[in-house]
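Working notes, beginning with the structure itself.
Each value in this text was obtained by applying a stated rule to the coordinates, not by laboratory testing. This one's a predicted model, so the numbers in the text were calculated from it and none came from an experiment. Heads up, the Cβs are rebuilt from the backbone with ideal geometry, glycines too, and the neighbour counts pull from every protein chain shown.
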Amino acid sequence: MLQTLDDLDLEGVAVGVRIDINSPLANGNDGLADDARLRAHVETLSELAERGARVAVLAHQGRPGDDDFSTLAAHADRLDELLDAPVGYCDATFSAAAREAVAGLDPGDLVVLENTRFYAEEYMEFEAADAANTHLVEGLAPVLDVYVNDAFAAAHRSQPSLVGFPERLPGYAGRVMERELDVLGAIEETPTPRVYLLGGAKVGDSVGVARSVLERGLADTVLTAGVVGNVCLLAGGAELGPATSEFVYDHGYWDEIDRAGDLLDTYDEIEVPRDVAVERDGERHEVAVDEFPPAADSPAMDVGGRTVSAYAEVIESAGTVILNGPAGVFEEETFAHGTRDLYTAAAGAEYSIVGGGDTAAAIRQLGIEGFSHVSTGGGASLTLLAGDSLPAVEALRA
Ligand SMILES: Nc1ncnc2c1ncn2[C@@H]1O[C@H](COP(=O)(O)OP(=O)(O)OP(=O)(O)O)[C@@H](O)[C@H]1O
Ligand SMILES: O=C(O)[C@H](O)COP(=O)(O)O
């Protein structure tokens, strides 16, 4: 049984609350391109403030080395606009400056501490007991009374800010965490056949999930798209042109080709794109995967119309559709077709679940409505939907 905010007296209590506000950025990373994940946590943060807690907010943005790896200053500004309570920002996470910022909070005040991943340990995976001995947890825990985890979207990571604090402080689930676990924990009861559409760019995560849902008999069909689909095509021996190979190699997905190949050899339930869309002479151009594209083409940036027709047919006969990751570079209208058409088909299914930060941003950008549940989590929702446990949730139970 998880303890929740219902089990807490919060007046004057120093709460460290881990949320997931990892978001698409804009304006050279000075602003947010989408604030949905921040909005999702307003309920928990407002409740903490209204009930008189002194709130230290912990969160990450991006991954070290990626373009969207940035400070949380813009996130703090936006939270200040979204909440009735005052939200400050501190450009430190666990140093003396951070401890002073937390110790100086009045009841009902919040401070957003700096991106936890600015510190190397936070981008490593630990057993909970070891995570409790990291600099972050050792540095910050002494000024906190309790820990609340509302970061469902990051709960599949066993990083210090997610699994270390409950070793040292009483741990509670926030409102987002509670709701997501209620809905996504019941996947085995959803209508069948169950179809998973796995797109986006987190290839390693998606390959692992595909294996898991097929092994456990949770998925009747796995449709692949986006970079995940491209890697599966390469694993099956397709030629997608030098630009796609270069993209896959440069982004570190090359090693996933063998894993995807093993999966395709083991399971017939996985479908790969029939055609892809590339940019040729500034225009969208669809190429069948057995037609070797010219060297001058861009990488494959979307699935093509033949893939959409075939996949839509599978989706239309599904009882449950689970979507994670866009089918293409939906941020560019030219390459948003596959995502728009497949997601529209999925929204019409009897039961539909959407997971993923960019996935949720895509449905809003494309104006698609009608899904049964839009999760704040991508990898986390898939981990749960694959029947696996979430380390950050297990840490709260311990
Ligand atoms: N063919 C493609 N080539 C390059 N990028 C692609 C392609 N297809 C999709 N993408 C990119 O994938 C990104 C989203 O992938 P990602 O796996 O992060 O999805 P997500 O919904 O955010 O999931 P999570 O919440 O797990 O991060 C988008 O920025 C999109 O442009
Ligand atoms: O966007 C996500 O899925 C979560 O914020 C976790 O991010 P990560 O995949 O970089 O750990």
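The table that follows gives values for the structure above.
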| item | result |
| --- | --- |
| Full-extension gain in nm, ASP109 to GLU138, via 0.36 nm per residue minus C-alpha separation | 8.1 nm |
| Estimated FRET transfer efficiency (ARG39, ASP281; beta-carbon r; R0 56 Å; 0.05) | 0.85 |
| Proxy reagent accessibility, fewest Cβ within 10 Å first, across PHE330, PHE118 | PHE118, PHE330 |
| Mean Cα-pair separation over length for the chain, i.e. relative contact order, pairs under 8 Å, 6 or more apart, % | 16 percent |
| Cβ-defined net charge surrounding PRO191, 13 Å radius [Lys, Arg +1; Asp, Glu -1] | -3 |
| Net charge of Cβ neighbours under 10 Å - reference LEU79; Lys, Arg +1; Asp, Glu -1 | -2 |
| Ascending count of other beta-carbon atoms within 10 Å, so fewest first, for ASP30, ASP150 | ASP30, ASP150 |
| Helix-only CD estimate at 222 nm, as mean residue ellipticity for the chain, using -39500 (n - 2.57) per DSSP H run (n ≥ 4) | -10500 deg cm²/dmol |
| Residue-wise HN-Hα coupling along the stretch 344-360, computed from phi with Karplus coefficients 6.51, -1.76, 1.60 (Hz; x: Gly, Pro) | 4, 4, 5, 5, x, 5, 4, 9, 9, 10, 10, x, x, x, 6, 5, 5 |
| For a label point 7 Å along the Cα-to-beta-carbon line of GLU333, residues of the stretch 284-327 with backbone N under 17 Å | 284-285 |
| Charge context of ALA238, other residues only, Cβ under 12 angstrom, K/R +1, D/E -1 | -3 |
| Cα gyration tensor of the chain - equivalent ellipsoid semi-axes, whole Å, descending | 38, 22, 19 |
| Contact order relative to length of the stretch 58-170, as percent, for alpha carbon pairs under 8 angstrom and 6 or more apart | 26 percent |
| Estimated dipole of the stretch 204-344 in Debye, rounded to 20 [Cβ of Lys and Arg +1, of Asp and Glu -1, Cα centre] | 300 debye |
| Added length on full extension, which subtracts the Cα-Cα distance from 0.36 nm per residue, ASP258 to ASP182 | 23.8 nm |
| Long-range Cα-Cα pairs in the stretch 12-53 (distance over 15 Å), rounded percent | 51 percent |
| Under 19 Å from the ALA398 label point (7 Å along Cα→beta-carbon), backbone N, the stretch 159-180 | 159-174 |
| Top positive-direction residue, dipole computed over the stretch 5-179 with Cβ charges, set PHE152, ALA36, TYR123 | TYR123 |
| With Cα atoms, 0 to 90° folded angle of helix 203-215 axis to the chain main axis | 80 degrees |
